[in-house]
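Taken together, the values in this text are just the output of simple stated rules run on the coordinates, not laboratory data. The model shown is predicted, which means the values in this text are computed figures rather than measured ones. Virtual Cβ from ideal backbone geometry, glycine too; neighbours counted across all protein chains shown.
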Amino acid sequence: MRIATWNVNSVKQRVPRLLPWLDERRPDVVCLQETKLADEAFAELLGEELSGRGYEVATHGEATWNGVAILSRAGLDDVVTGLAGAPGFPHPEARAIAATCGGVRVVSVYVPNGREPDSKHYEYKLAWLEALRAVVAEQADSTVVCGDMNIAPTDDDVFDPDAYVGETHVTPPERAALADLQSVGLRDVVRDRWPGERVFTYWDYRAGMFHQDLGMRIDLVLAGESVAERVQAAWVDRQARKGSGPSDHAPVIVDLDEAPDGDIGPVVPPPSRPVVKRGAKKLPQAKT
């Protein structure tokens, strides 16, 4: 089974990229984030195209912001939208959806950004992650959490730690919350496969960040032990970030049981240009 996760940053804008990508990579299960469409609008836009490709679809969306979905050709059972016990900002947002696909509990998540350290939204982010941990802990062994975590797990997951001083995504409380989530028995399968490589999933649109490979790894696949043991390949589809009209995130793909594109996938690790002098490159003033 091939599982993929992709923050598409507006599914409506990404249709010309999404459909050919589905045909090329042929994932069995796809977790989408930042769909930015209400459920009815999603069905109207993509229902027929996805059905024709054999996908069942579960969505949890809202107009303009947020939005998550699961597409599956491996079954789509016990769908749960939202996150029990999660806080809102101020109301609950469309940031989580779960379903059982081929015997695996799949959770697609779009973790709150946090905006500024110590802000109200930052507090919301940490509380939301606590709620996610509580839900996942109930059956962690057979669960895979996929999505935009809006946290780089370590300094190795950003192009230059000095560039992120004072920013969200890298602060100790955020990283501790992510580690706490993983402590219920989830493994970061991309880092398992690429323990010492520069592997990024997000590059800001501005300042040529992608072309210089000045990115961060914030899109994760966290798998319970019984799922992680089946992983044969885990890679970032950097090709999907190239060309016209891409998302600012690349898909992450994990193959269970067999690896049709080989054990390393066709794309990872991406070419990198390590920063020689720390602090030499600055961040564009944009939030992911």
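Here is the link list: Lys242/Lys282; Lys36/Lys120; Lys36/Lys281; Lys242/Lys281. Which ones come out longer than 25 Å on Cα distance?
In this structure, Lys36/Lys281 lie more than 25 Å apart at Cα.
Report, largest value first, the span of the C-alpha coordinates of the range 2-256 along each principal axis, in whole Å.
47, 41, 38 Å, listed from the longest principal axis down.
Are there cysteines in the chain with no second cysteine's Cβ under 4.7 Å away, and if so, which?
Those would be Cys101, since no other cysteine Cβ in the chain comes under 4.7 Å of theirs.
What is the range 1-42's relative contact order, in percent, from Cα pairs under 8 angstrom and six or more apart in sequence?
In percent, rounded to a whole number, it is 59.
Tell me, in nm to one decimal, what length is gained between Glu24 and Asp155 on full extension, where the rule is 0.36 nm per residue of separation less the Cα-Cα distance?
43.9 nm
Under 8 Å for C-alpha pairs, at least 6 residues apart: give me the relative contact order for the chain, rounded to a whole percent.
The value is 18 percent.
Determine the percent antiparallel among the DSSP beta bridges restricted to the chain, to the nearest 5.
In the chain, approximately 80 percent of DSSP beta bridges are antiparallel ones.
Can you compute log10 of I(q)/I(0) for the range 163-227 with the Debye formula, treating each Cα as one identical point scatterer, at q = 0.15, 0.21 Å⁻¹?
Taken in order of the listed q values, log10 I(q)/I(0) reads -0.59, -1.02.
With contacts defined as alpha carbon pairs under 8 Å and 6 or more residues apart, what's the relative contact order of the range 72-130 in percent?
RCO, the range 72-130: 29 percent.
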